[in-house]
Amino acid sequence: MTETEAALLARAKAGDVDAFEELSGAYADRLYLLLLRLLGDPDEAGEVAQEVMVRAWRGISRFQGRSSYFTWLYRIAVNEANRALARREREPASVPLGPRELDRPTSPADDPARQAESSELRQALARALAMLAPPLRTAIVLRDVEGLSTQEAAEIAGVGQAAFKSRLHQARLQVRAAIGDDALTGVNG
Amino acid sequence: MGNAQDHQWSQRHLSHYVEGDLGRRARRRLDRHALGCADCGRGLRAMRVLVFTVQRLDRADVRAPATIFDRVRLAGAGDPAADA
């Protein structure tokens, strides 16, 4: 934790809303995108993001600093996303990652990069991620999309590292099966 | 029989391989099998592309709504725990 973050945290714990907003605001965009990826619906993600901030505000006096503030906030976000998903009726999630959000330039230097340039593939991946069961989607989003370490991602998901890895591998296998090796390796198209 | 077992095992461990979760012997086992098995060789390439592409799903241009702190603001200043 940086000195600035520690000072903001101390002020927020003392009831300073401005400090809380500055502290948490640094992660707001990333947190909202995480919720968007997990929930697939911008409006719902926005509502849940507000709930996450309220819960963080109410719980900040109990934050002990055993994990980073970011990890703690993300953990609340994943829990709230799971609660929102549990409230939903069982239905296929809408695609959480639209083409614009996937439109990121990649290096043409190697074979995977060339495949990654395919917007069709990106859209297929987004659809496949949306169809995963929430615990599997959470695992692949935290580890692969967010790029968190296994330790941090497992902590946020609220499971041990071995269980987290198991979910991650299962998620990747299901996504691979949903898309197919031909589409992934560029065969027949 | 051994080959069929290797095949099933390899298919189940493609993500482990890409993640670097296999020990040296296990990695060699998958390498050996994939060299002679077109299906697993292609599966390994597919898994690499999958992970590579998912890792590059963009995060730009998405901003949190300006309302994200509205409810916290409504809760007001003071001892945050007292609001719980």
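Just so you know, all these numbers are worked out from the coordinates, no wet-lab data involved. As the structure is a computational prediction, the values presented were derived from the model and not from experiment. Note: ideal-geometry Cβ built from the backbone for every residue, glycine included; neighbour counts use all protein chains shown.
Summary of computed values
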| quantity | calculated |
| --- | --- |
| Residue mean of other protein chain beta carbons inside 10 Å, A:162-174 | 3 |
| Peptide-level mean, for B:40-49, of C-beta atoms on other protein chains within 10 Å | 6 |
| 10 Å Cβ neighbours from other chains, averaged over peptide A:48-59 | 5 |
| Computed E for A:GLN64/A:ASP43 - FRET, C-beta separation, R0 30 angstrom, nearest 0.05 | 0.35 |
| Net dipole in debye of segment A:3-87 [+1 Lys, Arg Cβ; -1 Asp, Glu Cβ; about Cα centre; nearest 20] | 520 |
| Projected label distance in nm at A:ALA7 and A:ASN82, using a 7 Å step from Cα toward the beta-carbon | 3.7 |
| 5 Å binning of all Cα-Cα separations within segment A:3-87, expressed as whole percents from 0 upward | 3, 16, 28, 24, 15, 9, 4, 0 |
| Computed over segment B:1-59, Cα set: Rg, Dmax in Å | 12.2, 46 |
